[in-house]
Amino acid sequence: MNNIFYEIPNDWYSEFNNNFMPNMNNDMGNMNMMNMPNVNNTNNMNNNDLATPKVALDRGNLFNDSYDPYRNYKYRELKANNKKEEMLLDILRHNFVLTEINLYLDVNPNNSKMINLFNMYLSNKKRIVDEYEKNFGPLTLDGLNVTDNNWNWNNSPWPWEGSK
Amino acid sequence: MWKYVKTLEYPVNIKKKDLRMAKYLVTQYGGANGELAAAWRYLNQRYTMPDDKGKALLTDIGTEELAHVEIISTMIYQLMKDATLDELKEAGLDTHYAEHGKGLYPTDANGVPFTVMYFATTGDPLADITEDMAAEQKARAVYENLINLTSDQDVIDVLLFLRQREIIHFNRFKALYDEYLKKGYK
């Protein structure tokens, strides 16, 4: 299936992503929490500071300057086993990036670049969620297809049941 | 209001039963530095934030913490669901079973039930946000302790994700704190 992230211009992403081969033996110097990024400067954020949605969800952090690995642990690259999981993973990536940009904009509300990015991911997300719900059932009650005769909101699996 | 989205924020698929780990992990559900305390700390403090930035940030981070409550609960459920009574006894979870069967219950790792004493609200934005920053750091430290206690990659992956969220939340609270300090909010 098409990777919708390719619609984001390449220059939104940093070289970080193209060359991302972390050397796990060199991570110890980055552990000190006092080395937090200068939060006062984040309004000057440029595109090189952001990870791709894939990397962002995998590691739990969209912002390269604040990503802080623990010891020599490497985050997992999340993989999908089928079409349903692949679409759901796309949705999770979008949800996650939107959460990250949301929290950022809460304290930096005038960053127009981040607002544009939010809008772009949001419109992509709406499209994927719509396609997912048509094929695999609702993710929210808003996604119920009211023309259906059967109530499919209560179909398993529930999120805590995992994928078999 | 809140709406339920029928997916986790980050996928959890733990294949191996591990009752000891379930017993430790529960502290991030119902312990002093856990996700339930975090969610309610922020969602309770937000009403008296002095401007829109604070009201928005505490609402949105509080909301994400609810998703983390669900992730931690999911991990405990998956680690415990196939346990036999003998295995529960051996792991010291027979006392949990006596009270709750195989159901979930928010306690810390010592079985002490969740209490709102785990968080404070002073109504003073600088004091409250300082507590929030400390809470994120303490939760990060607990996640590191938990990572050290397991070798199950399925568990570690999720804990690494949650740990990273503490770092982001800390940064956002710190930005808000610095701005409020500068503005002289009291």
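Spin-label pair B:Lys15-A:Asp49: with each label point 7 Å from Cα along the Cα-Cβ axis, the two points sit 4.0 nm from one another. Counting every other Cβ atom within 10 Å of each residue's Cβ, B:Ile71, B:Ile147 order from fewest to most as B:Ile147, B:Ile71.
For A:Leu50, the amide hydrogen comes within under 5 Å of the amide hydrogens of A:Ser14, A:Asn64, counting only partners 5 or more places away or on other chains and with H modelled in the peptide plane.
Can you give the mean number of other chain Cβ atoms that lie within 10 Å of the Cβ atoms in peptide B:8-14?
Details: counts 6, 7, 7, 11, 5, 4, 1.
That works out to 6 on average.
Evaluate the relative contact order of segment A:83-161 (contact order divided by residue number), counting alpha-carbon pairs under 8 angstrom at least 6 apart; express in whole percent. Show your work: numbers first, answer last.
Details: 42 pairs, mean separation 20.8, N = 79.
Dividing the mean separation by the residue count of segment A:83-161 yields 26 percent.
Taking the Cα centre of the protein assembly as shown as origin and assigning +1 to Lys and Arg Cβ atoms and -1 to Asp and Glu Cβ atoms, the resulting dipole is close to 120 debye. Cβ-Cβ distance of A:Trp153 and B:Asp124, R₀ of 35 Å, FRET efficiency by 1/(1 + (r/R0)^6): the value works out to about 0.20.
In order along segment B:143-156, phi translates into HN-Hα couplings of 4, 5, 4, 5, 4, 5, 8, 9, 10, 7, 4, 4, 7, 4 Hz, rounded to whole numbers, per the Karplus curve 6.51 cos²θ - 1.76 cosθ + 1.60 with θ = phi - 60° and x for Gly and Pro.
Can you pick out the pairs among A:Lys79/B:Lys6; A:Lys134/B:Lys23; A:Lys79/B:Lys81; A:Lys126/B:Lys183; A:Lys74/B:Lys186 whose Cα atoms lie more than 31 Å from each other? Beyond 31 Å: A:Lys134/B:Lys23; A:Lys126/B:Lys183; A:Lys74/B:Lys186. For the options B:Ala135, B:Ala175, B:Ala38, a Gaussian network treatment of chain B with springs between C-alpha atoms closer than 10 Å singles out B:Ala175 as fluctuating the most. Phi angles of segment A:63-78 translate, via the Karplus equation with coefficients 6.51, -1.76, 1.60 and θ = phi - 60°, into HN-Hα couplings of 9, 4, 6, 10, 5, 9, x, 9, 6, 9, 6, 10, 6, 7, 8, 5 Hz per residue; Gly and Pro are given as x. Within the listed set B:Gly111, B:Gly30, B:Gly123, the Gaussian network model of chain B (springs between alpha-carbon atoms below 10 Å) gives the highest mean-square fluctuation for B:Gly123. Each Lys and Arg adds +1 at its Cβ and each Asp and Glu adds -1 at its Cβ; summed about the Cα centre, segment A:98-164 shows a dipole of about 200 debye.
Overall, segment B:19-183 carries a charge dipole of about 320 debye about its Cα centre when +1 sits on the Cβ of Lys and Arg and -1 on the Cβ of Asp and Glu, all other atoms neutral.
Scanning residues 5 or more positions from B:Thr107 or on other chains, those with amide H under 5 Å from its amide H are B:Gly30, B:Phe114, with H placed 1.01 Å from N in the peptide plane.
Bear in mind that the values in this text are calculations on the coordinates, not laboratory data. Remember, predicted model here, so these are calculated numbers, not experimental data. Ideal geometry is used to build each Cβ from the backbone, glycine not excepted, and the neighbour counts take in all protein chains shown.
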